[in-house]
């Protein structure tokens, strides 16, 4: 699917790695904690410490590096825009004696880009190593105490499951439209930025219509099995294993060490 294969957010890669087998509840609680830590750590030492944690998780996930490289490369324009924005607009010391180039902006922009990169890696790890069903069941388990306050936890978990199930549908429809336009001689991956923007604009209307049709079909397909899927999401989760608890303790210890000594 070309461009769509580069997007790692919301994508699941089957595997039997340690991180794949890790309880989804721990990943759902722990990985967002690392994302928050990344944005709360402007110091280079702490960012390097978090980068070491990210590298360790990448090795535990055993996902091909090509997938990671392509997933990060798609954000290159975001990184470049962020860096240039800080370089040109941040007040402070000048760079090479040029008034409109900020040395402090270069440092700050590099820090923000590093924070964005870490956030992308940690968030991608959550979906790349967890199935839709596992995430929905984890949400249901974590929100279970709210049932005492008559919060429709099972309904919320079921809705989340449907939203996550729609992501592959979105990818498939985008692939269909990209291939259809390519057959007509309009390739979204080639040409100038203006030409690709025009192709994307012409692709928007048929893409939205196709998604509406697919959403309607999906709604009819799951309507009959709604109760079954809701029951699956609300199945009682087994207690955390010693291995899961050990990794959770290691992650918390790593964060404590990063904040205490770096």
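Against the list (1) within 15 Å of the chain's Cα centre (by Cα); (2) surrounded by 15 or more Cβ atoms within 10 Å (Cβ to Cβ); (3) more than 23 Å from residue 252 (Cα to Cα), the condition residue 133 fails is (1). If you check 214, 198 for being exposed (fewer than 15 other Cβ atoms within 10 Å of the Cβ) and modelled with pLDDT of 70 or more, only one passes: 198.
Filtered by the rule that a residue be modelled with pLDDT under 75 and in contact with a helix residue (DSSP H, G or I) (Cβ under 9 Å, 6 or more places away or on another chain), region 228-260 gives 229, 230, 231, 232, 233, 234, 235, 236, 237. Would you check if there is a residue in region 33-44 being free of Cβ contacts under 8 Å to residues at least 24 places away in the same chain, more than 30 Å from residue 239 (Cβ to Cβ), out of contact with any helix residue (DSSP H, G or I) (no Cβ under 7 Å at 6 or more places or on another chain) and not in a helix (DSSP H, G or I)? Yes: one or more hits. Restricting the first member to region 71-97 and to residues that are at pLDDT below 90, and the second to residues that are outside any helix (DSSP H, G or I), the beta-carbon pairs closer than 6 Å and six or more apart or on different chains are 71/8; 90/102; 92/102; 95/101.
Taken together, the criteria place residue 23 among residues that are touching a residue at least 24 places away in the same chain (Cβ under 8 Å), surrounded by 12 or more Cβ atoms within 10 Å (Cβ to Cβ) and over 19 Å from residue 255 (Cα atoms). At least 1 residues being free of Cβ contacts under 8 Å to residues at least 24 places away in the same chain is the threshold, and among the helices (runs of 4 or more DSSP H) wholly inside region 102-217 those reaching it are 103-128, 153-183. Residues that are surrounded by fewer than 16 Cβ atoms within 10 Å (Cβ to Cβ), farther than 28 Å from residue 249 by Cα and in contact with a helix residue (DSSP H, G or I) (Cβ under 9 Å, 6 or more places away or on another chain) do occur in region 104-116, at least one of them. For region 46-83, which positions are touching a helix residue (DSSP H, G or I) at 6+ places or on another chain (Cβ under 7 Å), under 19 Å from residue 129 (Cα atoms) and part of a loop (DSSP other than H, G, I, E, B)? The one that is touching a helix residue (DSSP H, G or I) at 6+ places or on another chain (Cβ under 7 Å), under 19 Å from residue 129 (Cα atoms) and part of a loop (DSSP other than H, G, I, E, B): 63.
The values are calculated or read from the model by the stated rules, or taken from the named source; none is laboratory data. Since we're looking at a predicted model, the values are computed, not measured. Every residue, glycine among them, receives a Cβ derived from its backbone with ideal geometry; neighbour counts consider all protein chains shown.
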